[in-house]
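Peer 1: My questions all concern the structure below.
The values are calculated or read from the model by the stated rules, or taken from the named source; none is laboratory data. Just so you know, these numbers come straight off a predicted model, no measurement behind them. Cβ placement follows ideal geometry from the backbone for every residue including glycine, while neighbour counts extend to all protein chains displayed.
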Amino acid sequence: MPILPLDLIEDILSRLPVKSLKRFRSVAKSWCSLVDSEKFIKSHLRRSLTSYSNHHLILGGGPALYSVDLGPLNKALVLKPPFSYNNMNGVTSSCHGLVLVMSEPPVFWNPFARSYRVLPDSSVEPPPGSGFYALVSYGFGYDSITDDYKVLKVMDFKNHVTQVTILMETGIFSLKSNSWKKIQDFPYPLPFVGGHTRAPVNGSMHTLVYADGSTDAARIMAFSFETEKHCEMKLPKGVKTRDSGLSLTVVGGSLCLICMQRSRVVIWVMKEYGVEESWSILLTIKPPAMGPHFCVKPLVYSRDGNKVLLNWHDKRLVWYDLRKKTLQQVRVDDIPFSFYAQYCVESLVSLEAPDQVKKRGTETKGKGGSKKRDDFLSVGFKLVL
């Protein structure tokens with residue numbers, strides 16, 4: 001049997017899920033080097049992002065985390081983090097297959113490559129005295145200029161009685177340097193709800209803020225992980241914010257605004273990033289489909305783009321047909337009774353610190369078997385997809 005060219009092997013492997021690639025690292029030394037290479041990690045991520053393969057939902061419900069493959073979309077599997085944590089309070093929106101686990105301390109985690117990094121202490125000095133409390137917000141994203149993943153942390157120390165901000169501390173963590181640094185303070189007080197839920201789009205983290213504490217003064221603040229600066233973005237023209245519950249999310253790589261009102265839910269999408277005129281209504285849900293105190297969150301488009309999957313009141317997953325404007329419930333076995341959901345794509349992006357990689361390399365150095373694995377390629381193989 002003829003030997004397959006290495007570039008063809010690379011093309012085949014780049015289509016596979018992370019779990020299979022982790023196993024195939026033991027086939028041959030050359031395969032291990034290929035899968036671990038920065039070039040392959042990026043090409044695998046690009047293929048996964050532009051196709052409908054290796055896409056998942058991360059569900060949080062009760063004490064456990066779950067994964068649902070968006071291909072079959074039929075069963076929830078328990079995820080077992082390879083680290084210990086206390087008081088987990090959800091995970092952030094994902095970026096390149098990474099999530100930030102809201103624990104003490106927070107943990108950077110790739111749930112499919114099973115690599116993680118516990119964030120070091122940011123060493124924030126609280127204001128003097130005891131008549132205050134702190135609101136803490138986290139978000140993270142990718143800096144394409146430096147090829148680095150960064151975590152934004154905002155601490156808003158407020159007076160117990162007046163609720164006025166006493167001190168604002170803003171820091172950013174770099175995965176490459178494994179350290180924090182202080183940056184320009186966040187320009188507005190943090191909202192009292194959704195303190196760690198942020199929308200990462202186009203290399204920026206987006207946060208809903210309220211200039212005077214009311215929804216009438218709602219606006220979007222965008223923090224660029226490249227420039228490490230804050231800038232303001234406008235809400236859609238005509239959006240009704242009075243007596244509305246507002247939140248941000250990401251669908252199909254676009255920024256979305258969810259506007260929940262007493263009589264309906266309207267979801268807006270920014271089709272062209274940064275262009276105010278590109279805001280358009282994605283869908284509207286009215287009674288009798290919705291009930292009182294109803295909430296809905298769009299998660300991901302279908303393969304053909306004609307449907308959007310919704311987290312329906314934190315109880316169900318529902319397909320909304322954008323053309324027919326109809327709803328179809330999805331049956332997923334072993335799904336928790338109540339859950340939050342985040343879209344996540346599989347990736348090989350590693351979160352191991354340099355000393356962890358060096359230690360792992362030392363442990364494996366000198367072990368036999370690589371010659372036999374390399375001989376495997378000289379004979380040839382049959383790979384079924």
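Peer 1: Condition first: among the polar types (S, T, N, Q) and assigned to a strand (DSSP E or B). Now tell me which residues in the stretch 265-323 satisfy that.
Peer 2: S280, T284, N311
Peer 1: Is it true that N178 is in contact with a Gly (Cβ under 9 Å, 6 or more places away or on another chain) and over 30 Å from S51 (Cβ atoms)?
Peer 2: Here the answer is no, as N178 does not meet what is asked.
Peer 1: Inside the stretch 62-108, can you point out the residues that are touching a Lys or Arg at 6+ places or on another chain (Cβ under 8 Å) and aromatic (F, W, Y)?
Peer 2: If the condition is that a residue be touching a Lys or Arg at 6+ places or on another chain (Cβ under 8 Å) and aromatic (F, W, Y), then F108 is the only one that fits.
Peer 1: Please give the number of the condition P120 fails out of (1) outside any loop (DSSP other than H, G, I, E, B); (2) within 30 Å of G61 (Cβ to Cβ).
Peer 2: The failed condition is (1).
Peer 1: Hey, another quick one. Check R264 against each of (1) under 27 Å from Q184 (Cα atoms); (2) surrounded by fewer than 20 Cβ atoms within 10 Å (Cβ to Cβ); (3) without any contact (Cβ under 8 Å) to a residue 60 or more places away in the chain and name the one condition it does not meet.
Peer 2: (1)
Peer 1: Which of the residues that make up the stretch 57-101 are among the hydroxyl-bearing types (S, T, Y) and at pLDDT 90 or above?
Peer 2: Scanning the stretch 57-101 gives Y66, S67, S94.
Peer 1: Which strands (runs of 3 or more DSSP E) sit wholly inside the stretch 204-262 and have at least 3 residues that are of a type in the set (G, A, S) and within 26 Å of G171 (Cβ to Cβ)?
Peer 2: 218-224
Peer 1: Go over the candidates T162, T146, T170 one by one and state the one that is in contact with a Lys or Arg (Cβ under 8 Å, 6 or more places away or on another chain) and either surrounded by fewer than 16 Cβ atoms within 10 Å (Cβ to Cβ) or assigned to a loop (DSSP other than H, G, I, E, B) (or both).
Peer 2: T146
Peer 1: Every residue in the stretch 173-186 that is surrounded by 13 or more Cβ atoms within 10 Å (Cβ to Cβ) and part of a strand (DSSP E or B), please.
Peer 2: Answer for the stretch 173-186, where residues must be surrounded by 13 or more Cβ atoms within 10 Å (Cβ to Cβ) and part of a strand (DSSP E or B): F173, S174, W180.
Peer 1: I'd like the full set of residues that are among the hydrophobic types (A, V, I, L, M, F, W, C), within 23 Å of I166 (Cα to Cα) and at pLDDT 80 or above, limited to the stretch 181-221.
Peer 2: The answer is I183, F186, L190, L208, V209, A218, I220, M221.
Peer 1: If only one of E352, E272 is in contact with a Ser or Thr (Cβ under 9 Å, 6 or more places away or on another chain) and exposed (fewer than 14 other Cβ atoms within 10 Å of the Cβ), which one is it?
Peer 2: Matching residue, one of E352, E272: E272.
Peer 1: When you go through S263, S244 one by one, which is the residue that is under 23 Å from P292 (Cα atoms) and touching a helix residue (DSSP H, G or I) at 6+ places or on another chain (Cβ under 7 Å)?
Peer 2: The unique qualifying residue is S244.
Peer 1: Let me ask another. Check off (1) over 18 Å from V345 (Cα atoms); (2) buried (at least 17 other Cβ atoms within 10 Å of the Cβ) for I58 and give me the number that stays unchecked.
Peer 2: In the conditions (1) over 18 Å from V345 (Cα atoms); (2) buried (at least 17 other Cβ atoms within 10 Å of the Cβ), I58 misses (1) alone.
Peer 1: Restricting to the stretch 30-54, name every residue that is crowded, with 19+ Cβ neighbours inside 10 Å and either touching a helix residue (DSSP H, G or I) at 6+ places or on another chain (Cβ under 7 Å) or more than 26 Å from I3 (Cα to Cα) (or both).
Peer 2: Answer for the stretch 30-54, where residues must be crowded, with 19+ Cβ neighbours inside 10 Å and either touching a helix residue (DSSP H, G or I) at 6+ places or on another chain (Cβ under 7 Å) or more than 26 Å from I3 (Cα to Cα) (or both): W31, L34, V35, L45, S48, N54.
Peer 1: If you scan the stretch 310-349, which residues turn out to be surrounded by 14 or more Cβ atoms within 10 Å (Cβ to Cβ) and free of Cβ contacts under 8 Å to residues at least 24 places away in the same chain?
Peer 2: Passing the criteria: L310, W312, H313, R316, V318, W319, D321.
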